[in-house]
1. Go through segment 378-390 residue by residue and tally those that are touching a Lys or Arg at 6+ places or on another chain (Cβ under 9 Å) and either at positive phi or part of a helix (DSSP H, G or I) (or both).
2. Just need a number here: residues in segment 51-100 that are modelled with pLDDT of 80 or more, among the small types (Gly, Ala, Ser) and in a helix (DSSP H, G or I).
3. When the residues of segment 183-211 are narrowed to those that are of a type in the set (S, T, N, Q) and over 15 Å from the mean Cα position of the chain (by Cα), which ends up surrounded by the most Cβ atoms within 10 Å (Cβ to Cβ)?
4. Does segment 454-478 hold any residues that are surrounded by fewer than 19 Cβ atoms within 10 Å (Cβ to Cβ) and either at pLDDT below 85 or in contact with a strand residue (DSSP E or B) (Cβ under 7 Å, 6 or more places away or on another chain) (or both), and which are they?
5. Is there any pair linking a residue in segment 406-432 that is farther than 24 Å from residue 452 by Cα and among the basic types (Lys, Arg) to one that is outside any helix (DSSP H, G or I) and modelled with pLDDT of 95 or more, with Cβ under 6 Å and at least six apart or on different chains, and which?
6. Can you tell me which residue in segment 91-102 is nearest to the chain's Cα centre (by Cα), limited to those that are surrounded by 17 or more Cβ atoms within 10 Å (Cβ to Cβ) and of a type outside the set (A, V, I, L, M)?
7. Looking at segment 7-19, which of its residues are within 25 Å of residue 527 (Cβ to Cβ), modelled with pLDDT of 90 or more and outside any loop (DSSP other than H, G, I, E, B)?
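The values are calculated or read from the model by the stated rules, or taken from the named source; none is laboratory data. Since the structure is predicted, the reported quantities are computational estimates derived from the model, not experimental observations. Glycine also receives a Cβ, built like all others from the backbone with ideal geometry; neighbour counts cover every protein chain displayed.
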Amino acid sequence: MMAKEIKGIAASEGIGIAPAYRLVAPDLHYTKRRIENPMVEYKRFMQAVDASLADLRRLKERAAGRLAPDALGIFDAHAAILSDPELLKQVKQQLDQQVCAEEAVDTVTARFAQTLAQLTDPYLQERAGDVRDVAKRLLSHLLGRRLPDIGAISQPVVLVAHEVTPSDTSQMDTRFIRGIVTDLGGRTSHAAIMARTLGIPAVVGTDHVTRATRDGQLVVVDGLQGTVVVEPSAVQVDRFTARAQELAQERTEWRQRVNAPSVSKDGQQFEISANIGNPNDVAAAVQQGADGVGLFRSEFLYMGSDHLPTEDEQYQAYRQALVGMHGRPVVVRTLDIGGDKPLPYLPLPREMNPFLGYRAIRICLKHPEIFKTQLRALIRASAHGPLAIMFPMIGTIAELRAAKEIFNECRADLQTVQPGLGDDIKLGMMIEVPLAAINADRFAQEVDFFSIGTNDLIQYNFAADRGNDEVAYLYQPLNPAFLGLVKHVIDAGHRHDTKVAMCGEMAGDSTALPLLLGMGLDEYSMSASSILRTRTLMSKLDTNECAQLADEAINRCVTHEEVRALVEDRLGAIN
């Protein structure tokens, strides 16, 4: 059989070779039929319910060792749907009309899902997806067609999926995942970020990989070039295996820099930090030699809870991170919800354009009681290590000053009991709104540091939803005009002695590194798995040569393809 090559987006570096495991639902089509005995059919339906509940118990038990207790709630939610008296009642009513169990389940769950999807509460809207998941599980048992069980994987595989969701990630045993390939997604999709965090080779956005593979077929994932090879020849397997061995040797070289400073070839000092989602991620950051935490996504403390975390709950989490970093700085981004990150217990209005709407600092300023709880917890935690706080989604000076005023109020209140508490906290802001980037000179006079959030800054500048695969081609961090905007922000910060960091995915991009070094970016915050590779490459780059390269990319190149070719040519000469 001829090898089949599929192109996609290189999302996580590495080479993976293993049989395909297709995370694709089986054909759940059924033939409608009349039944003679509704009670017999109801018994068959309840057997499917019991089998589905057993599935969920098994899945929850298996995930318990890998997930925080509050993150296991998805399994309980599905079990609650299966046990919903109204759902059971309506299915029985359908069966009494002599329709088969498959049609009854299909009809009732579709009705439930449609009702939920039409509600204005975003949390209840999302529950429509849970109802559809439950329907698939019930139908699979009724039809005798097993659903893929990602948690049961116990041998090396390449995961092939339409897309990989957070719930998929929660179930997988990553020891056996040699690579991930998806039809959908871009470099900032959940699958891409998760793969980079775990160091798993990944190619996303292939469009049709699920249709082009069968379970058990040998698959090569080339996360360097964005290529997937199905049924490779022996020669190809040898070539990719050799490249994988080269990468392993490179990683051995990288490991030697765990305790090394982050310096360029000409001796300029920088910081390479880790992005984390919770205090448990600190261990990996330390293990990979992070100079600090450049982005603690505090919203995950809220998203992993069934209530607004209390001041003490948050204090303990921030304290754990600071203690775990052993004196290295930790930058915490204040609550950044809205857009694609809802909170079930804090209903937000339904919006036509949620990414441009009521989110992040806009919510915090409208709900100062929530904001103050977080800021008080952070100020208290600052007694345990160097802490910085940054505000997300700042667009105007008025917003920034309002946030700073609330912070100062909280600090003054706490200092009545503990004088001096929080005096060393650095205050900064995310540069992710285009107006903030344009107005960087004025903002730099108001804060201690900037952190450029390229994921959102790119989507806003290109007017391209980062979650929409149809416009994924517009994710262009190397576009010369965008690079010019980044340089403007860095220069503005430095004119006012304001430190400039970057915490978006661009910070860990090997092709972007020489350009960012040339622009003088101070701190690079990324997935922990990218730190040592970045530090090693940094040590081979001269900042003066990088400055010339950045100038040429911004002022002579016209397209992002030209910039990439230019940088790769120079990197090729270095390597």
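1. Looking only at segment 378-390, we keep the residues that are touching a Lys or Arg at 6+ places or on another chain (Cβ under 9 Å), and these are 379-381, 383-390.
From what's left, either at positive phi or part of a helix (DSSP H, G or I) (or both): 379-381, 383-385.
Summing the residues that are touching a Lys or Arg at 6+ places or on another chain (Cβ under 9 Å) and either at positive phi or part of a helix (DSSP H, G or I) (or both) in segment 378-390 gives 6.
2. 6
3. 206
4. Within segment 454-478, 467, 468, 469, 470 qualify.
5. Close Cβ pairs satisfying both conditions: 411/422.
6. First, pick out the residues of segment 91-102 that are surrounded by 17 or more Cβ atoms within 10 Å (Cβ to Cβ): 91-92, 94-95, 99-102.
The next check asks that each one be of a type outside the set (A, V, I, L, M); those that pass are 92, 94, 100, 102.
Details: 92: 42, 94: 42, 100: 42, 102: 36 Å.
The residue in question is 102.
7. Step one: of segment 7-19, the residues within 25 Å of residue 527 (Cβ to Cβ) are 7-18.
Cutting the leftovers down to modelled with pLDDT of 90 or more gives us 7-8, 14-18.
The answer is 7, 15, 16, 17, 18.
Quick grid of which residues meet (1) of a type in the set (Gly, Ala, Ser); (2) under 23 Å from residue 429 (Cα atoms); (3) out of contact with any Leu (no Cβ under 9 Å at 6 or more places or on another chain):
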{"residue": "258", "(1), (2), (3)": "no, no, no"}
{"residue": "261", "(1), (2), (3)": "no, no, yes"}
{"residue": "264", "(1), (2), (3)": "yes, no, no"}
{"residue": "267", "(1), (2), (3)": "yes, no, yes"}
{"residue": "270", "(1), (2), (3)": "no, yes, no"}
{"residue": "276", "(1), (2), (3)": "no, yes, no"}
{"residue": "287", "(1), (2), (3)": "no, no, yes"}
{"residue": "292", "(1), (2), (3)": "yes, yes, yes"}
{"residue": "295", "(1), (2), (3)": "no, yes, yes"}
